[in-house]
Amino acid sequence: MKHNFILASLFLMSVTFSAQTKEVLMVPNENLITENILPIPKSISEGFKKYSESRSAVLSAVHPVDNSIIISTRFASVNQLHKIAHPLGARKQITFFDEPVSSASFEPTKGEYLIYSKDIGGNEFGQLFKLDLKTMTSTMLTDGGRSQNGGVRWLDDGSGFYYTSTKRNGGDRDIYFMNPDEPQSSKMILQVKGGGWGLTDVSDDNKNC
C-alpha cells in the first residue's frame with residue numbers, strides 16, 4: 001500500500017513538472033550576455049507589459065478655421081497623426097505608415113492640407129510631405145536624399161514656410177524657404193555652420209525670421 005502511494009505521488013509530481021515545462025519561457029537575445037539569470041515565463045513578461053508600456057497624445061496642430069486639432073499618438077507600434085473634429089470627439093487616424101509621424105503643421109489660412117515630417121524605411125533622414133486633407137494623398141516636398149528636414153515656420157498669409165535642412169553637405173542645418181505649391185522653388189536664405197540651428201518665429205511683416 002505504501003509502495004503504491006509513493007508511485008502515485010511520483011506520478012503526480014512528474015505530471016506537474018511536465019505541465020510547468022510546457023510553459024513558454026522568455027530567454028535573453030543572443031546578443032545580450034547574461035549570467036545566472038533563469039528563463040522568465042512568458043506569462044510574467046506579458047503581465048508586466050501593462051506597467052512598462054505607455055501611450056501619450058501630443059497636440060501637433062490647430063486648424064485655422066474650424067478649431068479641429070491634429071494629435072500624434074500610438075495605437076499600433078509607432079506614432080501616427082489623428083484628427084479630432086470637436087471637443088470630446090472621436091479621433092480619426094489620417095496617416096498609416098511603418099515609420100512614426102510625430103509633428104504636423106496646417107496651412108495657416110484655409111487649413112486644407114498639412115505639412116509633416118517622416119523618414120523613409122527608418123533611415124532617420126526626415127523628409128517634408130504635404131498631406132491633402134480632401135484626397136488624403138501625400139506628396140514629398142524635399143529632396144528624398146540623405147538629408148534631414150524639419151522645423152517648419154509658416155508665413156501668416158500661407159504663401160510659404162521656412163524650414164531647416166542639411167541637404168547642402170549632410171551636416172550643417174541651413175535655413176530655406178519653400179512655397180509648397182512649387183516645391184522645386186525652394187531656396188536657401190541662410191547658410192550656417194553646425195547642426196543646432198532652428199527657427200523660432202517670423203515677424204508680422206513676414207520679412208524677418
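The values are calculated or read from the model by the stated rules, or taken from the named source; none is laboratory data. Here the structure is a predicted model, which is why all the values come from computation and not from measurement. Here the Cβ positions follow ideal geometry from the backbone for every residue, glycine too, while neighbour counts run over all protein chains shown. With ligands, DNA and RNA removed, areas are computed over all heavy atoms of the protein, side chains included. Shrake-Rupley method; radii C 1.70, N 1.55, O 1.52, S 1.80 Å.
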Is it true that some residue in region 118-139 is buried (at least 16 other Cβ atoms within 10 Å of the Cβ) and farther than 22 Å from Ser72 by Cβ? no
Pair list, Cβ < 6 Å and 6+ apart or interchain, from region 195-209 residues that are within 14 Å of Asp156 (Cα to Cα) to residues that are open to solvent by 50 Å² or more (accessible area, probe 1.4 Å): Val202/Arg153; Val202/Cys209
When you scan region 197-209, how many residues do you find that are open to solvent by less than 80 Å² (accessible area, probe 1.4 Å) and within 19 Å of Asp174 (Cβ to Cβ)? 3
State yes or no: is Ile115 of a type in the set (A, V, I, L, M) and within 25 Å of Tyr163 (Cβ to Cβ)? yes
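Results for (1) over 22 Å from Ile69 (Cβ atoms); (2) hydrophobic (A, V, I, L, M, F, W, C); (3) part of a strand (DSSP E or B), shown as yes or no for each residue.
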position	(1), (2), (3)
Phe97	no, yes, no
Gly145	yes, no, no
Gly151	no, no, yes
Gly195	yes, no, no
Gly198	yes, no, no
Lys207	yes, no, no
In region 84-102, the residues that are within 15 Å of the chain's Cα centre (by Cα) and surrounded by fewer than 20 Cβ atoms within 10 Å (Cβ to Cβ): Gln93, Ile94, Phe96, Phe97, Asp98, Glu99, Pro100, Ser102
Residues in region 49-58 that are surrounded by fewer than 11 Cβ atoms within 10 Å (Cβ to Cβ) and either in a strand (DSSP E or B) or touching a Cys at 6+ places or on another chain (Cβ under 7 Å) (or both) total 0
Would you point out which residue out of Val65, Val78 is more than 11 Å from the chain's Cα centre (by Cα), closer than 23 Å to Thr139 by Cβ and of a type in the set (A, V, I, L, M)? Val65
Might you let me know whether region 33-40 holds any residue that is assigned to a loop (DSSP other than H, G, I, E, B) and buried (at least 17 other Cβ atoms within 10 Å of the Cβ)? no
Can you tell me which residues in region 60-88 are part of a loop (DSSP other than H, G, I, E, B) and farther than 21 Å from Lys110 by Cα? Arg74, Phe75, Ala76, Ser77, Val78, Asn79, Leu88
What's the total number of residues in region 163-189 that are of a type outside the set (A, V, I, L, M), under 16 Å from Tyr116 (Cβ atoms) and not in a helix (DSSP H, G or I)? 4
Scan region 61-73 and tell me whether some residue there is of a type outside the set (S, T, N, Q), open to solvent by 70 Å² or more (accessible area, probe 1.4 Å) and free of Cβ contacts under 8 Å to residues at least 40 places away in the same chain. no
Pairs please, first residue from region 133-149 and within 18 Å of His82 (Cβ to Cβ), second anywhere and in a loop (DSSP other than H, G, I, E, B) and open to solvent by less than 40 Å² (accessible area, probe 1.4 Å), Cβ atoms under 8 Å, 6+ apart in sequence or on different chains. Leu133/Ile94; Leu133/Gly111; Met136/Ile94; Ser138/Thr95
